[in-house]
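Here the structure is laid out as C-alpha cells; the discussion comes afterwards.
The values are calculated or read from the model by the stated rules, or taken from the named source; none is laboratory data. Everything quoted here is computed from the prediction, not taken from an experiment. Here the Cβ is made from the backbone with ideal geometry for all residues, glycine too, and neighbour counts use every protein chain on show. Protein only, heavy atoms only, side chains kept; ligands, DNA and RNA dropped before computing areas. Shrake-Rupley method; radii C 1.70, N 1.55, O 1.52, S 1.80 Å.
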Amino acid sequence: MMVIRPICQNDLKSLYRLAEKTGVGFTSLVPDEDILQKKIDGAVRSFAKDNVTKPSNEDYLMVLEDSTTGDIVGTCGVLATVGLDEPFYSYHLGTITHASRELGVHNAVPTLILNNDFTGCSEICTLFLEEDFRHSKNGQLLSKARFMFMAQFPERFTEKVFAEMRGVSDENGVSPLWESLGRHFFSIDFKEADELTAQGNKQFIAELMPNNPVYVNLLPKEARDVLGQVHQNTVPARRLLEQEGFRYENYVDIFDGGPSLEARVQDIRAVRDSRLCLANIGQPKGIGEGSYYLVSNAKVTDFRCILVQRSIPPGSAMTLTQEEADSLCIITKEPVRVVELSPYSRG
Ligand SMILES: CC(C)(COP(=O)(O)OP(=O)(O)OC[C@H]1O[C@@H](n2cnc3c(N)ncnc32)[C@H](O)[C@@H]1OP(=O)(O)O)[C@@H](O)C(=O)NCCC(=O)NCCSC(=O)CCC(=O)O
Ligand SMILES: NC(=[NH2+])NCCC[C@H](N)C(=O)O
C-alpha cells in the first residue's frame with residue numbers, strides 16, 4: 001500500500017536519492033546532505049510540536065512510502081509561513097497606462113513590480129514523485145494528502161496558502177526570463193542563482209534584482225512568453241492544484257517567471273468537502289471498485305494518509321480493512337477524515 005507519512009531521521013539516504021532526480025529550478029530539494037539533514041531536523045521538530053496555536057517556522061515535509069518494500073518514492077511539503085526570517089520576493093504582473101488625451105494615445109503596458117506580498121503566508125512545496133511511480137493516482141495522493149492535514153489542523157496555517165511553481169527552463173537549465181532580466185544584474189547563470197537560492201541565499205540575490213517596475217514590452221518575446229508558465233514537467237502539478245481551486249493571480253517567480261498559485265485554505269476542495277468520521281474496521285463492501293477516496297487520520301506526529309477505492313453511496317460510512325487501519329495507525333472508532341479524490345478529474 002502507498003502511505004503518506006511525516007519524514008523521519010532514517011529517510012536521509014532516500015531523500016538524497018530523490019533530490020538527485022529533481023533538476024534545475026527545484027529549489028527546495030537539492031542533493032546536498034547538510035541541507036537535507038537540516039530539512040529533516042526541521043520537519044521532525046515541526047511534527048513533534050503539539051499545542052501549536054498559530055503558524056510560525058514549521059516545515060511539514062512528508063514522504064510517500066511503498067509499505068510493501070519500505071521504499072520512499074516521493075515527497076510533498078507545507079511551510080507554515082514564509083518571509084518572516086528573511087524577505088520573500090515575487091514579481092507582480094500589473095499594468096501601467098501611458099495615456100495622452102491631446103495626442104489620442106492610450107497604452108496599457110504590462111509591468112513587473114517587485115513585492116513581498118506573500119510575507120507570512122503558508123506555502124505548499126517540494127512535490128516530487130519518482131518517475132516509475134507516476135501512475136495509480138500516486139501523484140494525486142502525494143499532492144492532496146497535504147490538504148487533509150491542513151483541514152485537520154487549520155490553526156497551523158494561514159488563511160491563504162500559495163505554491164511557487166517551477167518555471168520554464170531548458171534541458172541545460174537555461175531560463176528565458178533569467179537570460180533577459182536577472183542576467184543583466186548578476187554575472188551568473190540561472191543554474192547558479194538557483195543553487196544559491198537553494199542554499200538559502202535568495203535574499204542576497206533578490207536585493208540585486210531591479211526594484212523599479214520592469215516594462216514587460218521591453219523584454220524579448222521568449223521572456224514574455226514564459227511569464228506565468230510552468231516547466232513542462234510541472235504541468236501535472238499545476239493541474240492538481242487547479243482541480244482543488246488554486247488560481248494564478250499574476251504573481252510570478254523573480255528568476256524564471258514560474259507562476260504562484262493561491263487559494264484560501266477553507267476554499268480548497270479537499271478541505272471544504274472532507275468530513276471527519278469514526279473509523280469502522282471490518283470487511284468493506286464495494287472494495288476496489290467505484291470512486292477513489294483520500295483517508296487520513298487526525299494525528300500530527302503520526303499523520304498518515306492513504307487512498308482507497310470503494311463503491312459506496314455518497315455520504316455513507318466508510319469501513320476500512322484491518323490493513324488500511326494499520327497503515328493509518330488507527331484503531332476502531334478513532335477519527336478519520338475522508339474525501340473523494342478527484343470528482344472533477346478527467347482521468
Ligand atoms: C507532480 C507529480 C507528483 C504528479 O504526478 P503524476 O505526473 O503522476 O500526475 P498525474 O496524475 O499523471 O497528472 C495529474 C493531472 O495532470 C494532468 N496532466 C498530466 N500531464 C499533462 C499535460 N501534459 N497537459 C495537461 N494535463 C496534464 C493529468 O491528466 C492529471 O489530471 P486529471 O486528474 O484531470 O487526469 C509528478 O508529475 C512530478 O513529480 N513532477 C516532477 C516534479 C515537479 O515538477 N514538481 C512540481 C514542482 S512545483 C512545487 O513543488 C510546488 C507545487 C506543489 O507543492 O504542489
Ligand atoms: N520558480 C521556481 N523555480 N520555483 C521554485 C520552486 C519549485 C518548487 N515549488 C519547489 O518546492 O522547489
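Output the number of residues of the stretch 110-126 satisfying the condition of being modelled with pLDDT of 95 or more and over 23 Å from Val52 (Cβ atoms).
The first filter runs over the stretch 110-126 and keeps only residues modelled with pLDDT of 95 or more, leaving 110-113, 117-126.
Subset that is over 23 Å from Val52 (Cβ atoms): 110-113, 117.
Residues flagged as modelled with pLDDT of 95 or more and over 23 Å from Val52 (Cβ atoms) within the stretch 110-126 amount to 5.
Scanning the stretch 57-88 for residues being in a strand (DSSP E or B) and of a type in the set (Ser, Thr, Tyr) gives a total of 2. I'd like to know if the stretch 289-297 contains one or more residues that are surrounded by fewer than 18 Cβ atoms within 10 Å (Cβ to Cβ) and part of a loop (DSSP other than H, G, I, E, B). Checked against the condition, which is being surrounded by fewer than 18 Cβ atoms within 10 Å (Cβ to Cβ) and part of a loop (DSSP other than H, G, I, E, B), the stretch 289-297 yields no hits at all.
Number of residues in the stretch 301-330 that are open to solvent by 60 Å² or more (accessible area, probe 1.4 Å), touching a Cys at 6+ places or on another chain (Cβ under 7 Å) and modelled with pLDDT of 95 or more: the value is 1. Has the stretch 241-258 got at least one residue that is of a type outside the set (Gly, Ala, Ser), part of a helix (DSSP H, G or I) and within 13 Å of the chain's Cα centre (by Cα)? Yes - at least one qualifying residue is present in the stretch 241-258.
Output the residues belonging to the stretch 211-234 that are exposed (fewer than 14 other Cβ atoms within 10 Å of the Cβ) and closer than 20 Å to Asp194 by Cβ. Within the stretch 211-234, Glu222, Gln232 meet the criteria. For the condition at positive phi, in contact with a strand residue (DSSP E or B) (Cβ under 9 Å, 6 or more places away or on another chain) and part of a loop (DSSP other than H, G, I, E, B), Lys333 qualifies.
From the list Leu127, Leu112, Leu142, the one residue that fits, being more than 21 Å from Phe26 (Cβ to Cβ), open to solvent by less than 50 Å² (accessible area, probe 1.4 Å), in contact with a strand residue (DSSP E or B) (Cβ under 8 Å, 6 or more places away or on another chain) and within 16 Å of ligand 2 (Cβ to nearest atom), is Leu112. Restricting attention to the stretch 15-33, the residues being surrounded by fewer than 20 Cβ atoms within 10 Å (Cβ to Cβ) and in a helix (DSSP H, G or I) number 3.
Per-residue answers, yes or no, for (1) surrounded by 14 or more Cβ atoms within 10 Å (Cβ to Cβ); (2) under 17 Å from Arg156 (Cα atoms); (3) aliphatic (A, V, I, L, M):
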site	(1), (2), (3)
Arg45	no, yes, no
Asn51	no, yes, no
Gly77	yes, yes, no
Ala80	yes, yes, yes
Asp85	no, no, no
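The single condition among (1) out of contact with any Asp or Glu (no Cβ under 9 Å at 6 or more places or on another chain); (2) open to solvent by less than 10 Å² (accessible area, probe 1.4 Å); (3) not basic (Lys, Arg) that Asn10 does not meet is (2).
Given the criterion within 14 Å of ligand 1 (Cβ to nearest atom) and open to solvent by 20 Å² or more (accessible area, probe 1.4 Å), identify the matching residue among Arg166, Arg101. Reasoning before the result, please.
Values: Arg101 fails: within 14 Å of ligand 1 (Cβ to nearest atom).
The conditions single out Arg166.
When the residues of the stretch 252-268 are filtered to those that are within 20 Å of Arg146 (Cβ to Cβ) and touching a Phe, Trp or Tyr at 6+ places or on another chain (Cβ under 9 Å), which remaining residue is nearest to ligand 1 (Cβ to nearest atom)? Per the criteria, the residue is Leu261.
Output the residues belonging to the stretch 120-141 that are part of a helix (DSSP H, G or I) and of a type outside the set (D, E, K, R). Hits for the stretch 120-141 are Phe133, Asn138, Gly139, Gln140, Leu141.
Figure legend. Inter-residue proximity from the stretch 155-181: first residues near ligand 2 (Cβ under 10 Å from one of its atoms), second residues among the basic types (Lys, Arg), beta-carbon distance below 8 Å, spacing 6+ or different chains. Indicated pairs: Met165/Arg238.
Contact map, the stretch 100-115: residues that are on the phi < 0 side of the Ramachandran plot paired with residues that are part of a loop (DSSP other than H, G, I, E, B) and of a type in the set (Gly, Ala, Ser), Cβ distance under 9 Å, separation 6+ or inter-chain. Pairs shown: Leu112/Gly257.
The requirement of being aliphatic (A, V, I, L, M), assigned to a helix (DSSP H, G or I), open to solvent by 10 Å² or more (accessible area, probe 1.4 Å) and farther than 22 Å from Phe88 by Cα is fulfilled somewhere in the stretch 147-156, by at least one residue.
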